[in-house]
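Here the structure is laid out as structure tokens; the discussion comes afterwards.
The values are calculated or read from the model by the stated rules, or taken from the named source; none is laboratory data. Source: prediction; values computed, not measured. Neighbour counts run over all protein chains shown; Cβ positions are idealised from the backbone, glycine included.
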Amino acid sequence: MALLAPKWRHAESVIAMPTIQVKGVPADVHAALHRRAAAAGQSLQEFVLGRLRDEVQRPTLDELFERIGHRSGGKIGFKAAARAVRADRDSR
């Protein structure tokens, strides 16, 4: 019986994914990331990819404002809303 190579070794089964290369990483930053990856039981690549995924899960302020701007709802102004929030907080 012949042994077959793992499926991931066959070029047709490999999905090409984009790559990011970061040049000029300061030694202390690299060392800290490497330590954190080791502490998490991950390779540096796995650790950094996880951090990148976490980053894109949180919308930026511009993205939030864009989403909020498309919502419909009340017509209260900013100052009135701020007064309502302050009154609610003060009542607690």
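Below are the figures for this structure:
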read-out: Unique match (being of a type in the set (A, V, I, L, M, F, W, C) and either surrounded by 10 or more Cβ atoms within 10 Å (Cβ to Cβ) or on the phi > 0 side of the Ramachandran plot (or both)) among 87, 40; value: 40
read-out: Matching residues in the stretch 36-82 - criterion: being closer than 21 Å to residue 25 by Cα and of a type in the set (Ser, Thr, Tyr); value: 43
read-out: Among (1) surrounded by 10 or more Cβ atoms within 10 Å (Cβ to Cβ); (2) of a type in the set (A, V, I, L, M); (3) at pLDDT below 95, the one test that residue 49 misses; value: (3)
read-out: Residue among 33, 64 that alone is surrounded by 11 or more Cβ atoms within 10 Å (Cβ to Cβ) and either farther than 21 Å from residue 19 by Cβ or of a type in the set (S, T, N, Q) (or both); value: 64
